[in-house]
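Reviewing the structure listed below.
The values are calculated or read from the model by the stated rules, or taken from the named source; none is laboratory data. All values reported here derive from a predicted model rather than from experimental measurement. Note: ideal-geometry Cβ built from the backbone for every residue, glycine included; neighbour counts use all protein chains shown.
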Amino acid sequence: MKKLITALLAFTMLFSSIGAAMAQDAPSAVATGFDSTATYMDSRGREVATMSVTGVVDDWDEYDSYYGPERGSVYRAVEFTVTNISGGSMIIRNYDFSLIDATGRIISTAWVEAAETSETVLFSQDVPLADGESADLVLVFETLKDVDGAALVWQPEYGILVLAQFGGDDVQDSSFGHGFGGVATWTDDRGNPVGTLVVNEIEADWMDYDQYSQPERGQVYKAVHFTVTNVSSSSLIIGPYDFTLLDNGGVNNSRAWATASADTETVLFDNDVPLAPGESYEGVMIFSMYDDLEPVAVIWQPDYSIYNVVILTATDAGTDGSVNPLEAATPAN
């Protein structure tokens, strides 16, 4: 009998390990680091294409003499690869891409042309890709000289974000944080920190809703426990509509219309909250997503042109030392 139990335990551990490895290798719309892969998936969960940033030229100067950057700014050339894995043909459009810098500013591609002596071929026209075909592309962005680039964002369709972070996370007051306890900082136009976002925990299958707030069929609620702190010298108002939850399929989910049950002590963040300088707010936001998807990033957009992002991983531990409910999530590669 002992041998049988031991064999069963070994069998179970083997398949648990295989399952964990499969989760680690599953595709995700978010990637971190050069050459790591972010995957674009369609509404049916089918993989369409992959994107990876292969290099960045921080002070690109191969531009035509008529296209110099503004005073105090530089051009940053982002080199990346897109591969079509859809099973059919597709078209890659340059205006679907943008850059997030280390202060969270969303920057569109620059109006610039390469000099005749440059060997750089800029991605300026639509690129058709057959199934299995890849394109090595270069886009140029104009950024402030003293602000690093942080992530390339591809928005191939409305509501879908494919994000490859390549830098900026090691910069003080960066707009990117990582994992539970990681800090994403909102910075104003003068470079002064305004507020910080920390994700404390995510309940993978939140069920403390009232009878009128049941999730749609095939979907579950994710409860995001977070802390926002006003680190400025002025008062601040945070609103629930400024936050979204990105799933591993690339869908940028808005807050769910859910109400907590009268039996729970959970107070949901569903109204604007004023914060005095130095004051913090610990809240809970509810998002709905399909039950076979997992969160990969919490995005705070306090202004139309700013993204502050906490990228989640599969190895985080909760603030109380408990296992992260995202342990089986699809992390950035």
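Numbers below:
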quantity	calculated
First in the stretch 38-57 and farther than 14 Å from Glu79 by Cα and assigned to a strand (DSSP E or B), second anywhere and modelled with pLDDT of 95 or more and aromatic (Phe, Trp, Tyr), Cβ under 6 Å, 6 or more apart	Val48/Tyr40; Ala49/Tyr40
Residue list for the stretch 123-163, restricted to those being in contact (Cβ under 8 Å) with a residue 60 or more places away in the chain, loosely packed, with under 14 Cβ neighbours inside 10 Å and charged (D, E, K, R)	Asp136, Lys145
Residue in the stretch 109-130 that is touching a helix residue (DSSP H, G or I) at 6+ places or on another chain (Cβ under 7 Å) and closer than 18 Å to Asp35 by Cα present	no
Strands (runs of 3 or more DSSP E) contained entirely in the stretch 256-333, each with at least 2 residues that are modelled with pLDDT of 90 or more and under 14 Å from Val224 (Cβ atoms)	280-290, 295-300, 308-311
Inter-residue pairs, beta-carbon under 6 Å, first assigned by TED's automatic domain parsing to the domain that holds Ala135 and in the stretch 107-122, second charged (D, E, K, R) and surrounded by 10 or more Cβ atoms within 10 Å (Cβ to Cβ), 6+ apart	Ala110/Glu142; Glu113/Asp64; Ala114/Glu62; Ala115/Glu62; Ala115/Asp64; Ser118/Glu62; Thr120/Glu62
Test for Ala49: is it over 23 Å from Ser175 (Cα atoms), within 18 Å of the chain's Cα centre (by Cα) and either surrounded by 14 or more Cβ atoms within 10 Å (Cβ to Cβ) or modelled with pLDDT under 95 (or both)	yes
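Conditions (1) of a type outside the set (D, E, K, R); (2) touching a residue at least 60 places away in the same chain (Cβ under 8 Å); (3) crowded, with 19+ Cβ neighbours inside 10 Å, marked per residue:
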{"site": "Ser232", "(1), (2), (3)": "yes, no, no"}
{"site": "Asn248", "(1), (2), (3)": "yes, yes, yes"}
{"site": "Pro274", "(1), (2), (3)": "yes, no, no"}
{"site": "Tyr290", "(1), (2), (3)": "yes, yes, no"}
